[in-house]
Amino acid sequence: MSEGSPPTHLTMDEISPSAQGTSVPSSSPWSQRLHAFLFSPVHIAWLVIFRIAFGGIMLWEVWRYFAMDRIRRYYIEPHFHFTYYGFEWVKPWEGDGMYHHFYALGALSICILFGLYYRLATTLFFLGFTYVFLLDQTQHLNHFYLVSLISFLLIFVPAHRAFSLDAWRMPKLHTTTVPGWSLWLLRAQIGLVYFFGGIAKMGPDWLAGEPMRSWLAARMDFPVIGPYFQDERVVAGFVYGGLLLDLLVVPALLWKRTRIWAFLAAVAFHLLNARLFSIGIFPWFMLCATLIFFPADLPRRIWQSVLGKKSPASSPLLSMTTSPWTRSQHVTAVLLAAYFLVQILMPLRHWLYPGNVDWTEEGHRFSWHMKLRSKDAQATFLVTDLRNGHITEVYPGEYLTERQCGKMANRPDMILQFAHYLAEQLKRQDYEKVEVRAHIMASLNGRKPQLLVDPTVDLSREPRNLAPARWIMPLTEPLKRQPSMAILPHDTETKD
């Protein structure tokens, strides 16, 4: 991607201070407007802060994996890993290799934080972290997917060209401005997370208050407001407040009049999530990422104010005409469009599958469906030896860790993958031909448990692909009847 171009006319309140006041005439062709939007220089301050925050948070996450013994429990102890479709070849390192891998991720995080060998460090971190992400679907987290995306984008974003060891080693690299696309690339990615997180909350269960109602009821020891968590007005506030914040926070951050209020709402939202739910680094990462919606040179202005310095006088206005598009800029624009086309279509793909996505899980991953469902399941597998018709009941815990069992039991694609693995293991034990069926009772958002997969289907013969799975049972159990989400009198009793 192109890292810069000659200055053109600039727009918005975040342009480089040296070009304040320049604008694009309303009669300019759309291509000139797009050129100015993508390639006009903006101050580098937020990119530097974002780089430092990203490197620091990733170093913290690596430390958490060591401190909580997750490397051994997640990647060394299990005998089987639930790989993603198409990535079955991704396997953990042998011996102590996974420990060395995380040491390397920690070192790369430090390099990113300080901007040392930045391009190489971001590239290796993206590859190394994505490798870990792809090892086991049991460890799938939306924010890990986001980390993979952000680390990929940072490869191309010139966040090392100021306040970095690279800029200190190579003074010619130093700059105070970067092309606009580099900042808007990160803004757009964070904006999509918020937006699709809000869209996902528009499902009937969420709007009816579940599973938020159940989650809050289990957290009544929360300081100050915990005793009110069973009040339907409080439940409604969490349900609709979360939805509206996700949908509106980015537009509100982009509008100067509402920016500070939107940011304060986002701060409250993420701090509350960090306290209520065990979601690791995600709230802190999103808090730092939300800062980049403020004007690009705001950190510089704040720093100069602290030092008592005046902002430099603006230079004369630049020409009202734009520079012609260069070939590299055309390539940059096309690559940006292709990337965001994929990012927009991925969260929509679950509409290609029948049924409730929270039940079938088809199209659920990589779609920013975050903290939307509570799903419990009990699974047993029935193996039939076709030589004599003998049926054996197999418990997944004989082959999987406790965490893997819990995750697998309510995710049909992982159930299928385990059935294939179980058939292979039994064939190695001199079972020539077997059938593997699953009896799984699952409950979604407090519903009465029902069958998740068809217990008559031999899952060992079902192909593992991206097509809709005919063996997933449709969700038929209704959501438990709950009190209206309308505002109720404070002393109203609520019962199921």
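The values are calculated or read from the model by the stated rules, or taken from the named source; none is laboratory data. These figures come from a predicted structure and were not determined experimentally. For neighbour counting, all protein chains shown are included, and Cβ atoms are generated from backbone atoms with ideal geometry for every residue, glycine included. Side chains included, ligands, DNA and RNA excluded: accessible areas come from the protein's heavy atoms. Shrake-Rupley method; radii C 1.70, N 1.55, O 1.52, S 1.80 Å.
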Given 0.36 nm per residue, what is the gain on full extension from residue 260 to residue 291 after removing their alpha carbon distance, in nm? 10.1 nm
Long-range amide H contacts for residue 297: which residues qualify at under 5 Å (H placed 1.01 Å from N, peptide plane, sequence gap of 5 or more or a different chain)? 43
Between residue 176 and residue 244, what is the label-to-label distance in nm when each label sits 7 Å out along the Cα-to-Cβ direction? 4.2
Find the centroid of the Cα atoms in the stretch 142-188 and in the stretch 77-103, then give the distance between the two in whole Å. 29
Ratio of the Cα radius of gyration of the chain to 2.2 N^0.38 Å, where N counts its residues: 1.12
Alpha-carbon centroids, the stretch 216-290 and the stretch 362-441: separation in whole Å: 36
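State which entries of 407/448; 91/201; 427/448; 91/407; 201/480 exceed 27 angstrom in Cα-Cα distance in the structure shown.
Going by Cα-Cα distance, 91/201; 427/448 fall outside the 27 Å limit.
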Rounded accessible area per residue of the stretch 100-164, 1.4 Å, Å²: 33
What distance in nm separates the two pseudo spin-label positions at residue 90 and residue 395, each 7 Å out from Cα along the beta-carbon direction? 3.2
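Run through the stretch 352-395 and list the trypsin sites (Lys or Arg not before Pro) located in a DSSP loop whose Cβ has at most 14 other Cβ atoms within 10 Å. Spell out each step's value before the answer.
Working: sites: 365, 371, 373, 375, 387; in loops: 365, 371, 373, 387.
Answer by residue number: 387.
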Enter the angle in degrees (range 0 to 90, nearest 10) between the Cα long axis of helix 259-276 and the first principal axis of the Cα atoms of the chain, meaning the one along which they spread out most. 30
Estimated distance in nm for a label pair at residue 273 and residue 298, the labels positioned 7 Å out from Cα along Cα-to-Cβ: 1.9
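How much area per residue is accessible in the stretch 198-286 when the probe is 1.4 Å and only protein heavy atoms are counted (Å²)?
Using a 1.4 Å probe on heavy atoms only, each residue of the stretch 198-286 averages 48 Å².
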Helix 298-307: inclination vs the chain longest Cα principal axis, degrees, rounded to 10, gives 60
